[in-house]
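Read the structure below first, then the notes.
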Amino acid sequence: VLKQQNKPFFAIIQTSGNHRPYTIPAEDRDFQSQKWSLEQLKANGFDSQEEYDSFRYMDYSIKTLIETAKKEAYFDNTVFVFLGDHGITGNASAVLPAAWTDLRLSSIHTPFLLYAPKLLRPAVRTEVASQVDVMATLAGLLPRPYINTTFGRDVLAPSQATRQAAFTITHDRGPEIGFVQAPYYFM
């Protein structure tokens, strides 16, 4: 469908493979499970082998999408945006400070990846951002002026570097409302 487009386009592909019941489609026979003990999985924040495989399957799916898109004319002029709607709660102490597990911060820690090798230089960003920042950031990548009337900010704009904050909400214990402004988290 994407390769048939002859004008600039905006496409959303929603995935849900990393949600229960954690199934891997039978047609993806080249996906290989990596077996770990339950103790190793729990030490790294996963509740089961199936949950771990579902996250690996997400990586597999993104890799397959990019490898397919690289063969198409639109690839060089496309920004691929990957973001999650939520993280997972679990013991993240193997990779993050204890507060991430104690305050359940891993449940609100989600990816926001921009992939456009012909348009963006590789970088790892660690500042606080949230989903309200996505549209302003994407608008900032376009070669045209725009007016931002949202709560969000362009996280790539140097002028916005001091506006690092995010509101949070978790529904499973409350709800709990929070505010992140590194290095603090207020609930």
For segment 131-153: of the residues being of a type in the set (S, T, N, Q) and farther than 17 Å from GLY84 by Cβ, which is most open to solvent (accessible area, probe 1.4 Å)?
THR149
Is there a residue being part of a helix (DSSP H, G or I), open to solvent by 80 Å² or more (accessible area, probe 1.4 Å) and not basic (Lys, Arg) anywhere in segment 154-164?
yes
Taking segment 1-35 as the search range and keeping residues that are under 15 Å from ILE62 (Cβ atoms) and of a type in the set (Gly, Ala, Ser), which one is least open to solvent (accessible area, probe 1.4 Å)?
GLY17
If I ask for residues that are open to solvent by 30 Å² or more (accessible area, probe 1.4 Å) and in a helix (DSSP H, G or I), which ones from segment 58-78 would you list?
MET58, ASP59, TYR60, SER61, ILE62, LYS63, THR64, LEU65, GLU67, THR68, ASP76, ASN77
Given the criteria of a type in the set (A, V, I, L, M) and within 22 Å of ARG173 (Cα to Cα), does LEU142 qualify?
no
ALA94 meets each of (1) in a loop (DSSP other than H, G, I, E, B); (2) over 24 Å from ARG20 (Cα atoms) with one exception, condition (2)
Residue among LEU83, LEU142 that alone is farther than 20 Å from GLN181 by Cβ, under 19 Å from the mean Cα position of the chain (by Cα) and aliphatic (A, V, I, L, M):
LEU83
Tell me the residue from VAL128, VAL132 that is of a type in the set (A, V, I, L, M, F, W, C), closer than 20 Å to ILE169 by Cα and touching a Gly at 6+ places or on another chain (Cβ under 6 Å), please.
VAL132
Output for segment 165-187, where each listed residue is aliphatic (A, V, I, L, M) and either open to solvent by less than 100 Å² (accessible area, probe 1.4 Å) or free of Cβ contacts under 8 Å to residues at least 40 places away in the same chain (or both)
ALA165, ALA166, ILE169, ILE177, VAL180, ALA182
What residue, among those in segment 36-57 that are farther than 20 Å from PRO111 by Cα and not in a helix (DSSP H, G or I), is most open to solvent (accessible area, probe 1.4 Å)?
TRP36
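The values are calculated or read from the model by the stated rules, or taken from the named source; none is laboratory data. This one's a predicted model, so the numbers in the text were calculated from it and none came from an experiment. So basically every Cβ, Gly included, is an ideal-geometry build from the backbone, and we count neighbours across all protein chains shown. Ligands, DNA and RNA are excluded from the accessible area calculation, which covers all protein heavy atoms including side chains. Shrake-Rupley method; radii C 1.70, N 1.55, O 1.52, S 1.80 Å.
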